[in-house]
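Every number here is computed from the coordinates shown, using simple stated rules; none is lab data. Everything numeric here is computed off the predicted structure, so don't read it as measured data. Here Cβ is always computed from backbone atoms with ideal geometry, including for glycine, and neighbour counts include all displayed protein chains.
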Amino acid sequence: MNFEKIKVKSFLLLLLIISSCNTIKLNNLTNEQDLSKEIEVVHLISEKDKISHNGKKIGDIVFKDNKNPDWNYLKNKMTAFAKLNGANLIEIKTFGWGKKGQVFYLEANLFYVESEKKILNTENNKDERCSIVIFRDGLESPLGSAFTINASINNTKFENLKKSNYFREYVDDCNQENTVLINKNSYKVKLNGKSKYYKVAKQTGTGYLGNSVQIGIGGVYFVEIEDEVLGKLLISEINE
């Protein structure tokens, strides 16, 4: 075991905690933590997906941030914290913007999974086909939430989108161009080899989600979630 490396990591961890005003806390630390491990990539999955990965649990984290709501910033912060604690997998229990009175709030488990291939397999072991997913913005105002939003994806009709459900349409060709209608307003969606996730809301209030592209459509905004992992995590928070 390289003790100098452990000392450096411990010092960096202390600096991270101090600089973040203790917004990330590690609880219930187990004896599986090994700070000598070099972690290159940290993966994020949802606990609600019940994916079996056989990882060694390191502990639980609670992450609160009231400074910067940008997803890339938040993701980089939590993955850096995971690396410094010897984890390469963050299994999210719950997260979101505006939860528990915080700008951003997250609860998760930290794991170390021995095989990188095993982590990659867990993310793709559902034999998942490409799809288009549309959900309602969780930060939409109460006035906007009362507004009816219907949609169709490639002529498949969906009615009355709520915050408690989402629309999903699977497609046979992951590279085909698709037609999406939001309350009769048309938009072309090209999947480019992967699933795409969109949030919609009536334009009566303001909300923010980093790493997204917003398109105004007749009083309803239609936002692409560019990070596919974030899209999957947001859907996992919806009880369909």
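If a spin label sat at a point 7 angstrom from the Cα of E38 along the line to its beta carbon, no backbone N atom of region 57-90 would be nearer than 13 Å. Extension gain, N150 to N183, is 11.3 nm, computed as 0.36 nm per intervening residue step minus the present C-alpha separation. Do the alpha carbons of any pairs in K83/K190; K56/K100; K83/K199; K48/K100 sit beyond 23 Å of each other, and which pairs? Violating the 23 Å limit, Cα to Cα: K83/K190; K56/K100; K83/K199.
Evaluating kT/(6 pi eta Rh) at 10 °C and 1.306 mPa s, with the Kirkwood radius of region 25-177 over Cα pairs in the Stokes-Einstein relation, gives 89 µm² s⁻¹.
Does region 135-190 come out rounded, prolate or oblate by the C-alpha gyration tensor, with a ≥ b ≥ c the root eigenvalues, rounded set by a/c under 1.5 and, if not, prolate when a/b is larger than b/c and oblate if not? It is prolate, given that a/c is not under 1.5 and a/b is the larger ratio. Peptides 130-142, 44-56 ranked from most to least packed, by the mean per-residue count of other Cβ atoms within 10 Å: 130-142, 44-56.
FRET efficiency for the pair N28 and N192, taken as 1/(1 + (r/R0)^6) with r the Cβ-Cβ distance and R0 = 41 Å, rounds to 0.50. Using a simple spin-label model with pseudo-atoms 7 Å out from Cα toward Cβ, K50 and E228 lie 2.4 nm apart.
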